[in-house]
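The values are calculated or read from the model by the stated rules, or taken from the named source; none is laboratory data. Keep in mind it's a predicted model, so treat the numbers as computed, not measured. Note that each Cβ is placed from the backbone with ideal geometry, even for glycine, and that neighbours are counted across all protein chains shown.
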Amino acid sequence: MINPRKLAAIDIVFLGPKFIIIEFAGGVLLCAALGVFILFRGHSSTQLVLGLYLISLGINYMPMLIYAVAITKGDSARRELGNELDDKSRAMSKYRRQSLWLLIPLLVPIIALRRVKRHHSRHMPNT
């Protein structure tokens, strides 16, 4: 499936943190703004669907932006990927394929929330 945190990390490693943060922030803002614009200006069901789809794509980029900022602050992009970077072309191929999942509406936030929930449940003491 998709690991959004590692996807953000590999983009940071190969394209740099500034570029990726700008890309993800642009993905959030531009997709959502265009979606809202289409919703308000559109008059057909197709435009309604397109507007909602673009808004959902903007929402998909929110966790990616959050991960990119956190990874950049922690300077941990290479550490996130571990030994996957030993074969850079294989790692890039794997995560480029995963990036197609970003086109599925609301998938990334759902996966990110599941990962957070799983992480918290593992680290909560049993009482």
Practice prompt. Using the structure shown, decide if K73 is assigned to a helix (DSSP H, G or I), of a type outside the set (S, T, N, Q) and loosely packed, with under 13 Cβ neighbours inside 10 Å.
Written response: yes
By residue number, the members of the range 22-68 that are of a type in the set (F, W, Y) and farther than 30 Å from E80 by Cβ are F37, F40
By residue number, the members of the range 1-56 that are of a type in the set (F, W, Y) and either crowded, with 18+ Cβ neighbours inside 10 Å or touching a residue at least 40 places away in the same chain (Cβ under 8 Å) (or both) are F14, F24, Y53
Discussion item. When you scan the range 84-98, do you find a residue that is surrounded by 14 or more Cβ atoms within 10 Å (Cβ to Cβ), in contact (Cβ under 8 Å) with a residue 12 or more places away in the chain and over 21 Å from M1 (Cβ atoms), even just one?
Written reply: no
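Determine which member of the set A112, A68, A91 is part of a helix (DSSP H, G or I) and modelled with pLDDT of 95 or more.
A68
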Of (1) at pLDDT 90 or above; (2) assigned to a loop (DSSP other than H, G, I, E, B), N126 fails just (1)
Does L30 satisfy the condition of being more than 26 Å from R5 (Cβ to Cβ) and in a helix (DSSP H, G or I)? no
